[in-house]
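First comes the structure, then the notes that go with it.
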Amino acid sequence: MIDPAVEQMLRKDPKSYVIPAEVVANVTATNTLEHALMVLSKVGYTRIPVLDADDHLQGLLPLAAITDQLLKVPGAAVEQLSNYTVADAMRPVEHWVDDPARLETILSYLVDEPFIPLIDEQQVFQGIITRREILKRVNYLAHNLDENYEVTPRVPVIGRDIK
Ligand code: 4BW
């Protein structure tokens, strides 16, 4: 369980650490892999969400999944990626949240993943919560904890490591 004082500071206005769907680069499962490679190269991100025509989250497309697909065909050139679609390479969404205030869950997922998708009850994609946005909060917490709380060690022995 996250310490309530820490949680209160990290979780202030949870919507503000969500990158809204409108500004998240994405592809659809029916796009060709050649198109997807162009999108990933243009935006500079290494992994983006796959959405359907109604904005439901269908999967994730990492750049590595496209190169894997390319390497399956001996001697394949980039143009041959137009013979495959995003559906051939996308990966399932293993972790997501339906509430940006679920901080404990979000923190544990972000240890292993660069972003967590946010969806609503109908599984419509709402945006992403990235490591960067959460680290900005952690940075704020690290610099401002003593403005909100008085922190004293339980065992005030200088030089002893805190467990
Ligand atoms: O093009 C970029 N612009 C900016 N401002 N930062 C970038 C860019 N490309 C990479 N970065 C930085 C960010 O700090 O490198 C980190 C790792 O990128 P990634 O994972 O491996 O492509 C970025 O960290 P982050 O902001 O915490 O983002 C974590 C992941 O979230 C990214 C990417 O998979 C996804 N992402 C972030 N913003 C996105 C996005 N995907 C689509 N559209 C966006 N707007």
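With the contact rule set at Cα under 8 Å and sequence spacing of 6 or more, what percent relative contact order holds for region 2-145?
28
Could you please report the charge total around Glu94, scoring K, R as +1 and D, E as -1 over all other residues with beta-carbon less than 12 angstrom from its beta-carbon?
Taking every Cβ under 12 Å from that of Glu94, the sum is -1.
How far is it, in nm, from the label point at Ala87 to the one at Ala142 when both lie 7 Å from their Cα along the line to the Cβ?
With each label placed 7 Å out from Cα toward Cβ, I get 4.5 nm.
Want the number for Ala64 to Ala25: 0.36 nm per residue separation, take away the alpha-carbon distance, what's left?
12.4 nm
Hey, can you grab everything whose amide H is under 5 Å from the amide H of Gly59? Only 5+ residues off in sequence or another chain; H modelled, so Pro and N-termini drop out.
So Gly59 has HN proximity to Val50.
Length gain on complete extension for the stretch Gln122 to Asp13, per 0.36 nm per residue less the alpha carbon to alpha carbon distance?
Between Gln122 and Asp13, full extension yields 36.9 nm more.
Relative to 2.2 N^0.38 Å, what does the C-alpha radius of gyration of region 2-145 come to as a ratio? Two decimals please.
Against the compact-globule rule of thumb, the ratio is 1.18.
Taking the 0 to 90 degree range and rounding to the nearest ten, how far is the long axis of helix 33-43 tilted relative to the main principal axis of the chain, both from C-alpha atoms?
Long axis of 33-43 versus the principal axis of the chain: about 40 degrees.
What nm distance separates the two modelled labels at Ala101 and Glu133, each placed 7 Å from Cα along Cα→Cβ?
My value for the distance between the label points is 1.6 nm.
Can you pull the percent of the chain's accessible area that's carbon plus sulfur, 1.4 Å probe, other chains left in place?
Ligands and nucleic acids excluded, carbon and sulfur give 53 percent.
Between Glu150 and Thr32, 0.36 nm times their residue separation minus their Cα-Cα distance comes to what?
Separation in residues times 0.36 nm, less the Cα-Cα distance, equals 36.9 nm.
Place a +1 charge on the Cβ of each Lys and Arg in region 2-145 and a -1 charge on the Cβ of each Asp and Glu, then give the dipole magnitude about the Cα centre in debye, rounded to the nearest 20.
Using Cβ point charges on Lys, Arg, Asp and Glu, region 2-145 gives about 580 debye.
What number comes out for accessible area per residue over region 2-145 if the probe is 1.4 Å? Units Å², please.
57
How far, in degrees from 0 to 90, does helix 131-148 lean away from the longest principal axis of the Cα atoms of the chain, to the nearest 10?
10
The values are calculated or read from the model by the stated rules, or taken from the named source; none is laboratory data. This structure is a prediction, so every number in the text was calculated from the model and none was measured. Here Cβ is always computed from backbone atoms with ideal geometry, including for glycine, and neighbour counts include all displayed protein chains. The area values use the complete protein model at the heavy-atom level, side chains included, leaving out ligands, DNA and RNA. Shrake-Rupley method; radii C 1.70, N 1.55, O 1.52, S 1.80 Å.
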